[in-house]
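The values are calculated or read from the model by the stated rules, or taken from the named source; none is laboratory data. Just so it is clear, the structure is predicted and the values come from calculations on it, not from any experiment. No Cβ is skipped: glycine too gets one built from the backbone with ideal geometry, and neighbour counts run over all protein chains shown. The accessibility values were calculated without ligands, DNA or RNA, using every heavy atom of the protein model including side chains. Shrake-Rupley method; radii C 1.70, N 1.55, O 1.52, S 1.80 Å.
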Amino acid sequence: MSLVPRLSNDTLALVPTSVETPAYDRRAAKVGVVHFGPGAFHRAHQAWYFDEMLKAGGDFAVCAVAVRSADVEEALGPQDGLYTLAEREAEPRLRVIGALKEVLTAPRAPDRVLARLADPAVRIVTATVTEKGYCLTPAGDLDLAHPDVQADLRGDGPPRSFPGWIAEGLKARLAARLPPFVTVSCDNLSENGRRLHGAVVQFAEAMGDLDLRGFVAGDARFPSTMVDSITPATDDELRDKVRRELGLEDAWPVQRERFVQWVVEDELGADAEAFAAAGVTLTRDVAAFEKAKLRLLNGAHSTLAYVGLRLGHETVAQAMGDARLAGFVERTMRQDIAASLAAAEGLDLAAYVDAVLARFRNPAIAHRLAQIAWDGSQKLPFRILETTAEALAAGRPLERLAVPVAAWMLFVRARARAGEPITDPMADTLLALGRRLTGEPGADVDAVLALSSVFPPALAADPRYRTAVADAYSRLDTDPPTALSA
Ligand code: CS2
């Protein structure tokens, strides 16, 4: 048993002054925000912004709701919602974040979640539920065949899906004649707010509730956003560091680089000023920022992950230390991806690429490629395939853009052959497919591109694209460095 006391309201005063702690009255701060999906990214990113807003005196305390797992409640409940955020740079910095005032697990306390959604003091609902949490079909509609959506539409219990929760929350607001909350998606999907809005409208329609449909479609706001900060998963090294420096036990600290960015479509009403004062960029044109970030940063990340793993690297910084791979990724960003982007006002693409590459090289961060490799079936469409489909339509080269997809195929095949699991909502399908891949490029590419929930049919059917993927696959399989010469 550890003799080190646990971080909580009662022990907060023991934290050394070198570590920043909440400088506001946590007990007095009112909950103004409900957040779905309080994983490491939320706690390192939006919760830090809300902590800044609380410092400035606003009612931005957060009720954090895990849609399924009780892990966060179990770790942070005994800590009164407190946890440590480590900024990993040459000069690291620790800060105890106090923004999470309540930590709930939806299946355990559905009534409390609903009461918060219907609380007049709550104005904002944020979400990081990952790509799969939106329950969308490849065409971007609400997936009515999704088991959680079906259960929610039957209405025989509290909501299970995230769109179901938002619909239920807005229904409660309507019944109480309250204004709707603003729903702010913070996941890495292009046009995240618009997609979520569409899904919740379809949800209300499928419920046959026309009043709710009108309220969601006409009154509720779903701004799109771009969120950015590199957040490696928590590991023992971080837990030990925090224990040493705080002199307290923290069951679930989080870490990120110092850089943070949050760009939100300007639909926040009276709260806009507080967001802007905390450093959030409010804009009318979030799409250009979102696209640039998803395609350049996340696209490059997924490329580094699958190709880097194939080459035996473990972290992003190590992969960037491999000059051939780093050069390949940089060419892909500058030549192929940047060509698919129109610069947003205030966004210089060449400087953005420089900054992203420098962040990837941060030696103070051990961002594991295996973490980025999760959920490839959900990530590749937004990160790589949209860029590729546009390159195809415009007659631009496809060779480099085919490489991460070929590397993903090899990743799936390697995991399947080794009998190792894959973290992906399509894991069963992918592992079965991976076992069938023989190494014959034509047949393997046929089998993988037939996954219609991942590859848009027009792209999958195109002979130029198929040839490019098959060529990259065979090179990566037999002589990986040659795949990087393109
Ligand atoms: C990463 C992202 O894990 C991943 O797939 O690409 O989480 C990335 O670190 C963030 O989007 C950076 O903002």
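Things worth noting here:
- Projected area, mean over directions - region 106-160, Cα convex hull, nm²: 4.7 nm²
- Total charge dipole magnitude, the chain, about the Cα centre, Cβ charges on Lys, Arg, Asp, Glu only, Debye to nearest 20: 340 debye
- Unsatisfied cross-links (Cα-Cα over 21 Å) in the set K30/K55; K291/K379; K55/K171; K293/K379; K30/K171; K171/K379: K55/K171; K30/K171; K171/K379
- In this rough spin-label picture, where each label sits 7 Å from Cα along the Cβ direction, the S452-N9 distance is 5.5 nm.
- Cut-off under 5 Å, modelled amide H: who pairs with F36 long-range: V65, T126, A127, T128
- C-alpha center-to-center spacing [region 225-298, region 46-112] in angstrom: 13 Å
- When the solvent-accessible area of the chain is split by element, carbon and sulfur atoms take up 52 percent of it, the probe being 1.4 Å.
- Computed over region 383-441, the alpha-carbon pair-distance distribution with 10 angstrom bins reads 21, 41, 29, 9, 0, each value a whole percent.
- Cα-based Kirkwood hydrodynamic radius, region 330-449, one decimal, Å: 16.3 Å
- Annotation: amide H of T315 within the under-5 Å range of L369, sequence separation 5 or more or interchain, hydrogens built in the peptide plane.
- Computed about the Cα centre, the dipole magnitude for region 4-90 is approximately 120 debye when only Lys and Arg (+1) and Asp and Glu (-1) carry charge, each at its Cβ.
- Mean residue ellipticity at 222 nm, helices only, the chain: -12500 deg cm²/dmol; runs of at least 4 DSSP H residues each add -39,500 (n - 2.57), and the sum is divided by the number of residues.
- Loop-located GluC sites (Glu not before Pro) in region 302-348, at most 16 other Cβ atoms within 10 Å (DSSP): E314, E345
- About the centre of its Cα atoms, region 146-283 shows a dipole size close to 220 debye [charges on the beta carbon of Lys, Arg (+1) and Asp, Glu (-1) only; nearest 20 debye].
- In order along region 99-105, the phi-based Karplus estimate (6.51 cos²θ - 1.76 cosθ + 1.60, θ = phi - 60°) of 3J(HN,Hα) comes to 5, 7, 8, 9, 10, 10, 10 Hz; Gly and Pro are listed as x.
- ³J(HN,Hα), Karplus 6.51/-1.76/1.60, whole Hz, each residue of region 24-33, x for Gly, Pro: 10, 7, 4, 5, 7, 5, 8, 6, x, 9
- Per residue, the accessible area of region 445-486 comes to 43 Å² when a 1.4 Å probe rolls over the protein heavy atoms.
- Rg over Rh [alpha-carbon atoms, Kirkwood Rh] for region 187-234: 1.17
- Column: log10 I(q)/I(0), Debye, Cα scatterers of region 236-359, q = 0.13, 0.14, 0.18, 0.23 Å⁻¹: -0.73, -0.81, -1.02, -1.21
- All-pairs Cα distance distribution in the chain, expressed in whole percent, bin size 20 Å: 23, 55, 21, 0
- Exposed-site-free run, longest, the chain (rule: trypsin sites (Lys or Arg not before Pro); DSSP loop; at most 14 other C-beta within 10 Å): 362-486
- DSSP-defined beta bridges in the chain - what % are antiparallel, rounded to 5: 30 percent
- Counting every alpha-carbon pair across region 172-302, the share separated by more than 24 Å comes to 48%.
- Within region 51-111, all pairs of alpha-carbon atoms sorted by distance into 5 Å bins from zero give the percentages 4, 17, 21, 21, 17, 13, 5, 2, 1, 0.
- Remark: accessible surface ordering of L178, L144, L325 (largest first) is L144, L178, L325, probe radius 1.4 Å.
- The listed residues F360, F259, once ranked by accessible area (1.4 Å probe) with the largest placed first, stand as F259, F360.
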